[in-house]
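See structure below.
Read-outs throughout are calculated quantities, based only on the coordinates presented, and are distinct from any laboratory measurement. Quick caveat, the model's predicted, so the values are computed rather than measured. Here the Cβ is made from the backbone with ideal geometry for all residues, glycine too, and neighbour counts use every protein chain on show.
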Amino acid sequence: MSSRKIFLILSFVALALLGLGCSKTAVEPEATIEEPNLTDEFGGYQPMNDEAGFGDSALQAEAEESEEEYDDPILVSAGLDSILNDAEAGLYHIRIVWGRLRYDSTSTIPTDWTGSLSVTRGLEILRRTIRFERNQDYIVPRKDRRVIEWVSQTTVHNDGIAVDIFVPPARPKIDTVRITYYDSLGQPQVEIKIDTTWTNSEPVMVEFKTSPYSRTFNLEELTSLDTIVYLDDSNAVAFHAIKLNRFPCPRGFLAGAWGFDIEGNGVFRGTWMDRSGHVEGYLKGHFGKNSNGELVFYGKWISREGRFEGFIRGHWGFYDCIGGDPSNPCYLGGFFRGRIFNSNREEIGVLAGQFRGANMVSNIPSGFFQGRWKLFCPGELTVERNSEEGFE
């Protein structure tokens, strides 16, 4: 007999008993239990709601306290409307985080990250600062719409910025010259010469500049940037960027903890951010090697309030390290690539990123992950969905 028929029969009996006055207590159905594993289609997760932040107060606190909105005074400068309202201008969002990408209580020597982010043409708008400490870290008053400068020091954790970059397209400049000459009969003739040149045709470059590390990117790299650079002193710099369409399909960023629990199981948890870096929700999951020897991960994504938003699953792997030396910065580092599914098990998007794993420290994985996600646009071609990362 089907579960639906059983449910209907039990419901009828319960109603009959209530009508006879034999019982006034309704029996609640048992909740579906999630049992994470590496064999089920979605790793044992169910399309059900959870507590906000999965009931993890530390995860919620970090999400709420780590970033602060910045009211960029450059927005009131004269002459910006032509760029902000230019439908042909390229729009990019970049997140840069520097320091210890996960909390490290052993780090006591400050690192000075005072520096700048500049674009050779266009406009930068600072949207948020990340973990800037009052009376220590601050944004230098802006004098140039193409440059953002800051003062920053880190020890046990990290700082960072979230920035929108607007780049207007190169424009043609047409010069018209009238040339008068005389033909063979001595009659004056006029020739109009049109000379077309392109203003601002040089490639646009974006430069991150600090004493510990500097890097320059071109606009093509900002279309889908996902890079973490490890320095010799265990500091790191994480760059993540996406190109934003004027009418975009949902996309954004991921960040959180990646490591192993006290029983040796691979686990991760973190924040799910929109295209501008605002926290929209949370994700959690587990990773490991399945019975076929594949390195797989599974998880789920919920809203800030705990509403189920989607399943996630995919593959992960380690980066190659010369000689397997644990002191090598990439030794525990790797990548993950996966897909997003709705409650009907239909594929709706992709996610990708990088991690550096570590064991649990005080019940908190000291490793980290950062990456990007994207939901498919209506009617998006299958070939686009099945590209290497799905972000092109």
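Sorted ascending by nearby beta carbons within 10 Å, beginning with the fewest, 234, 66 become 234, 66.
Shown for 119, 279: other C-beta atoms within 10 Å of each C-beta, ranked fewest to most, produce the order 279, 119.
Each Lys and Arg contributes +1 and each Asp and Glu -1, all at the Cβ; summed about the Cα centre of the range 250-308, the dipole is approximately 180 debye.
Please rank 300, 209, fewest neighbouring Cβ atoms within 10 Å first, as an exposure proxy.
209, 300
Can you give me the Rg/Rh ratio for the range 261-323, using Cα atoms for both radii and the Kirkwood formula for Rh? Value, to two decimals: 1.07.
Taking θ as phi - 60° and the Karplus parameters 6.51, -1.76 and 1.60, the scalar couplings of the range 296-303 work out to 10, 9, 9, x, 9, 10, 10, 6 Hz in sequence order, x denoting glycine and proline. Annotation for residue 220 and residue 263: the two label points, set 7 Å from Cα along the Cα-Cβ direction, are 4.9 nm apart. Summarising the amide proton neighbourhood of residue 67: residues at separation of 5 or more, or on other chains, whose placed amide H is nearer than 5 Å comprise 131.
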